[in-house]
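See structure below.
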């Protein structure tokens, strides 16, 4: 089955330090991969996506993600964390299932940036 | 602001009742997706419509149904409500029916079943 896994329920990082939110995928073929962010009491917001090409994808709010085919990972990164980055982060993968194309989201990682 | 609107923001109702959640997609988007978010189940895909037709189905219960109207707004109908249906319900829209396009999420409807 096509899936993504977010191994950490929560990540704590000090303001100004680099942050990494991990995501691994299990997808046959060449995957499309997404990152979304959910701020408290809000809907999800698209951050970035990987389709093909450069393994380093740049997105909104200074975030970037590195696609690593050998490690089947798509980790979200930011060089310097802000308190306002504190939110819930989801990776997601579209895939075919039962004749339809669907999107499966990971379980989410709560990022806490400590002032 | 994503451009996707959902009404109502909050809904409190009793077990056994029926409710309708409404979603208006971003201008120009033809696809609407519905998701359920709960603490124990995470974000679950329910159903997708593209230009008025059902395109994909996820973990949607038989008590739930949806439709997309000619003006592209969508409604999610939840009937015979149970306590476990309490959750945040999001709709999202995208330009095409292909899930390789990013989705834009509404602010959600918080449903509480008592």
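The values are calculated or read from the model by the stated rules, or taken from the named source; none is laboratory data. The shown structure was predicted, so the numbers you read here are calculated from the model rather than taken from an experiment. Every residue, glycine as well, gets a Cβ built from its backbone with ideal geometry; the counts of neighbours run over all protein chains shown.
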Whichever residue in region B:55-80 is surrounded by 21 or more Cβ atoms within 10 Å (Cβ to Cβ) and more than 9 Å from every other protein chain (Cβ to nearest Cβ) and, among such residues, is nearest to the chain's Cα centre (by Cα): B:76
Complete set of residues in region B:44-54 that are more than 18 Å from residue B:100 (Cα to Cα) and within 14 Å of chain A (Cβ to nearest Cβ): B:53
Of all residues making up region A:88-115, the number that are more than 13 Å from chain B (Cβ to nearest Cβ) and surrounded by fewer than 18 Cβ atoms within 10 Å (Cβ to Cβ): 3
Residue that is surrounded by the most Cβ atoms within 10 Å (Cβ to Cβ) [pool: residues in region B:100-114 that are within 10 Å of chain A (Cβ to nearest Cβ) and within 16 Å of the chain's Cα centre (by Cα)]: B:103
For residue B:41: the one exception among (1) at pLDDT below 95; (2) within 26 Å of residue A:109 (Cα to Cα); (3) surrounded by 19 or more Cβ atoms within 10 Å (Cβ to Cβ): (3)
Residue in region A:73-86 that is more than 12 Å from chain B (Cβ to nearest Cβ), modelled with pLDDT of 95 or more, under 23 Å from residue B:87 (Cβ atoms) and part of a strand (DSSP E or B) present: no
Residue count, region A:42-52 (criterion: within 9 Å of chain B (Cβ to nearest Cβ) and more than 24 Å from residue B:4 (Cα to Cα)): 1
Residue check for residue B:68: without any contact (Cβ under 8 Å) to a residue 40 or more places away in the chain and more than 26 Å from residue A:35 (Cα to Cα): yes
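Residue by residue, here is whether (1) within 27 Å of residue B:2 (Cβ to Cβ); (2) in contact with a helix residue (DSSP H, G or I) (Cβ under 7 Å, 6 or more places away or on another chain); (3) surrounded by 12 or more Cβ atoms within 10 Å (Cβ to Cβ); (4) at pLDDT 95 or above holds:
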{"residue": "A:23", "(1), (2), (3), (4)": "yes, no, yes, yes"}
{"residue": "A:26", "(1), (2), (3), (4)": "no, no, yes, no"}
{"residue": "A:54", "(1), (2), (3), (4)": "yes, no, no, no"}
{"residue": "A:61", "(1), (2), (3), (4)": "yes, no, yes, no"}
{"residue": "A:65", "(1), (2), (3), (4)": "yes, no, yes, yes"}
Whichever residue in region A:28-41 is surrounded by 15 or more Cβ atoms within 10 Å (Cβ to Cβ) and closer than 14 Å to residue A:110 by Cβ and, among such residues, is farthest from the other protein chains (Cβ to nearest Cβ): A:37
